[in-house]
Amino acid sequence: MKFIGIAGSISEKSYNRKLLHFAKYLFVDEVEIEIVDINDIPLFNQDLNEDDYPKIKEINDKIVESDGVIFVTPEHNRTVPAILKSLLEWLSYNYHPLKSKPVMILGASRTELGTSRAQLHLRQILNAPGVEAFVMPGNEFLLSKADTRFDEDGMITDEITVDYLEHVIHRFVKFAELMNQVDINSIETKYTMTLAAGGYVNLDDPESDGTAGASEY
């Protein structure tokens, strides 16, 4: 299974980039996570010709060919960064690679709230017409006080935090496996999201078609 990892920051010192690289390291023997750089993405402008920016098509193609996408977002002024918003606008204009694509969201911040508001906004964007991603419900990973979480090698040192990160990514692997079986044009799919109710299949028991309740996490 292959995921595309996108950090919504172009800062070399970004804690969200560190978090994404740590997730890749943590799961190196289980899933492939290809980290895609978004530094050269222009501000979205309908007057521009996206063919003049090959990076946009490159990211589109990588997402299309993947089994899912992991977005790791900072929080700027209580929402997602402009660079990430521009990318998603490019990917919902002429290209639509995220439609029916399994997606999960992570985030890191130096504050106590750990990008909670940015993650909420990102969920709304990913559910918007033209984007229409399959965003994994619940299983939020909000890394607070990120400036104290990493050692000099970029490793997260807190065992409870690492265990929970493993937990949510394992659930995303199961979620992606299920959602990639869904025929979006059919309502006869066994493992389909209960979109109207906001429920979802029990990821701990793939043989069950019941909805999962609140997580113990």
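The values are calculated or read from the model by the stated rules, or taken from the named source; none is laboratory data. Nothing here was measured: the structure is a model prediction, and the numbers come from that model. Every residue, glycine as well, gets a Cβ built from its backbone with ideal geometry; the counts of neighbours run over all protein chains shown.
Odds and ends about this structure:
- Test result for Ser66, under 23 Å from Met1 (Cβ atoms) and in the same structural domain as His170 (by the TED database): yes
- Scanning region 55-94 for residues that are of a type in the set (Val, Ile, Thr), closer than 23 Å to Gln181 by Cβ and touching a helix residue (DSSP H, G or I) at 6+ places or on another chain (Cβ under 9 Å) yields Val69, Ile70.
- So Glu132, is it in a helix (DSSP H, G or I), assigned by the TED database to the domain that holds Val36, surrounded by fewer than 17 Cβ atoms within 10 Å (Cβ to Cβ) and at pLDDT 95 or above: no
- Given (1) modelled with pLDDT under 95; (2) more than 18 Å from the chain's Cα centre (by Cα); (3) surrounded by 14 or more Cβ atoms within 10 Å (Cβ to Cβ), index of the condition Glu12 fails: (3)
- Against the conditions (1) outside any loop (DSSP other than H, G, I, E, B); (2) over 19 Å from Asp147 (Cα atoms); (3) of a type in the set (Phe, Trp, Tyr), Phe22 satisfies every one except (2).
- Positions within region 110-121 being within 24 Å of Lys24 (Cβ to Cβ) and either out of contact with any helix residue (DSSP H, G or I) (no Cβ under 6 Å at 6 or more places or on another chain) or not assigned by the TED database to the domain that holds Tyr164 (or both), in sequence order: Gly114, Thr115, Ser116, Ala118, Gln119
- Tabulated pairs, region 124-135, first in contact (Cβ under 8 Å) with a residue 24 or more places away in the chain, second among the hydrophobic types (A, V, I, L, M, F, W, C) and in a helix (DSSP H, G or I), C-beta under 7 angstrom, 6+ apart or interchain: Ile125/Leu88; Val131/Leu88; Val131/Ile125; Ala133/Leu126; Phe134/Met179; Val135/Leu126
- For region 67-86, residues that are under 19 Å from Asn139 (Cβ atoms) and in a loop (DSSP other than H, G, I, E, B) total 4.
- Taken over region 136-175, the criterion of being without any contact (Cβ under 8 Å) to a residue 40 or more places away in the chain, closer than 15 Å to Ala23 by Cα and surrounded by fewer than 16 Cβ atoms within 10 Å (Cβ to Cβ) is satisfied by Asp151, Asp153, Thr157, Asp158, Glu159, Ile160, Thr161, Asp163.
- Exactly one residue out of Tyr95, Tyr53 is farther than 21 Å from Ala128 by Cα and either surrounded by 17 or more Cβ atoms within 10 Å (Cβ to Cβ) or more than 15 Å from the chain's Cα centre (by Cα) (or both): that is Tyr53.
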